[in-house]
Amino acid sequence: MSLKKLYLIPLLILFFIFTYYLIRNFSDNKIYIENSESSSSEIKLDDTKNVSPLIVEVIYEDLLLIKEGQTFGQILNNYEISNSVKSKILESLNSKVDLSKLNINTEIRITFTKENDLTEIKRISVLDKKNNHIKVIKKDDNYVVETSSILSFTKHVLKEVTIKDSLYKSAIDANIPPNIIMQFVNLYAFDVDFQREIRNGNKIKIFYEVFLDRKHIVRQTGNIKFASLALRKDTYNLYRFTTDDNGKSEYFDSEGKSAVKALMKTPINGAVLSSGYGMRKHPILGYDRIHQGVDFAAPKGTPIMAAGTGFIEKIGMNGGAGNYIRIKHLNGYKTAYGHMSKFASGMKKGTKVTQGQTIGFVGSTGMSTGPHLHYEVIFNNKKINPMKMKLPSGRKLKGKILEDFEIYIADLNKEMQVN
């Protein structure tokens, strides 16, 4: 056997081994792949038989504002829900907010779903006048109520204004909220005649609270912490302070004397003194007679306040005085109010009223030539001039409470300097 043939034998052996290897491995893998693909295809075909019908659920949210004369029930009638669901929603909400007293433009958000033309209320949110979110949320087959305040931050604001033309306009021009202005005016109603004593160039200073939401938008104003009114001769500074003995917050001057007096000089805001106390020619009767009170001209419907805390002693028509209320106060004082267009709700003989509470509205009933308030002050059954009476002071802080007050106003003055 030649050498050439001896080399061929091992090569043939290697060729057969390599061929066997290819057949064993690659031929089986192809079968596996084919089987695998076939199996996968069968699974997919089987799955399509078990596919559920397509369900489309769309979530909506309506932002609504209460319109004049509109009720919450009328709003719910716009949604296709059963009467039993409406009852559950109304009952839940009424437990936290009086739905019959929602203000015009109250914000309401209603979140609901529509699933194959079926409507389901998921959540209702009502923003009340105290900036609370009253939420009714669907849980299982019931509705539960949650309450949360949208107010997240408190901020103190200091405003200093020089009066030009009028106090109200000057304050509005300085971006002071209207209710803060009214608070300010009421603080000084015991000492200052705003019609005769306020002049251009007088200065006011107000340090007050505002409450902001999470976006730092002012949602509500709080109390005045400090107020100052600088007139031509006098400056009146008042501090809001809570005393430990009764837990009440009141306003005191820098010496600890209460801003509250027994009676207000002017129980009406924005009015003009049209007729003073004393002899005058009666505008209707035509002859001279004593005018035992003062008249404040104001538009019909202007609120009239109780000049002090007391009990209604007389109410009703009273001859030439028209619609009339007389209030009995402490220490022998009484006040009377005439020519009202109507009385405030709840006013009747024996009713207790508090200082500053609205008791009626300006009118022209009885012997009157136009809308105004006739105001009388009676002391020990004798009518006196309301504009000249010496008003008894309220509380005077003493001892430890006065010391606490002095520390408080020192700290507050420092806070205002920083602000």
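The values are calculated or read from the model by the stated rules, or taken from the named source; none is laboratory data. Quick caveat: nothing in here was measured; it's all calculated off a predicted structure. Heads up, the Cβs are rebuilt from the backbone with ideal geometry, glycines too, and the neighbour counts pull from every protein chain shown.
In table form, for the structure just shown:
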read-out: Verdict on residue 207 being crowded, with 18+ Cβ neighbours inside 10 Å and over 30 Å from residue 389 (Cα atoms); value: yes
read-out: Subset of segment 167-195 [β-branched (Val, Ile, Thr) and within 24 Å of the chain's Cα centre (by Cα)]; value: 172, 176, 180, 181, 185
read-out: The lone exception for residue 331 - which of (1) assigned to a helix (DSSP H, G or I); (2) closer than 18 Å to residue 382 by Cβ; (3) not acidic (Asp, Glu) it fails; value: (1)
read-out: Subset of segment 342-383 [out of contact with any Gly (no Cβ under 6 Å at 6 or more places or on another chain), of a type in the set (Ser, Thr, Tyr) and under 23 Å from residue 262 (Cα atoms)]; value: 351, 354, 358
read-out: From 208, 239, residue being assigned to a strand (DSSP E or B) and touching a residue at least 60 places away in the same chain (Cβ under 8 Å); value: 239
read-out: One residue from 348, 334 being charged (D, E, K, R) and under 32 Å from the mean Cα position of the chain (by Cα); value: 348
read-out: Top-ranked residue of segment 112-133 - restricted to ones that are at pLDDT 85 or above and within 24 Å of residue 216 (Cβ to Cβ), ranked as surrounded by the most Cβ atoms within 10 Å (Cβ to Cβ); value: 126
read-out: Test: residue in segment 375-384 that is free of Cβ contacts under 8 Å to residues at least 60 places away in the same chain, under 28 Å from residue 329 (Cβ atoms) and among the polar types (S, T, N, Q); value: yes
read-out: Some residue of segment 181-191 being among the acidic types (Asp, Glu) and at pLDDT below 90; value: yes
read-out: Checklist (1) at pLDDT 85 or above; (2) under 27 Å from residue 304 (Cα atoms); (3) in a loop (DSSP other than H, G, I, E, B) applied to residue 266, failing item; value: (1)
read-out: Residue check for residue 144: over 14 Å from the mean Cα position of the chain (by Cα), among the β-branched types (Val, Ile, Thr) and crowded, with 16+ Cβ neighbours inside 10 Å; value: no
read-out: Filter pass, residue 327 being more than 17 Å from residue 262 (Cβ to Cβ) and crowded, with 21+ Cβ neighbours inside 10 Å; value: no
read-out: Per-region count, segment 348-401, residues of a type in the set (S, T, N, Q) and assigned to a strand (DSSP E or B); value: 2
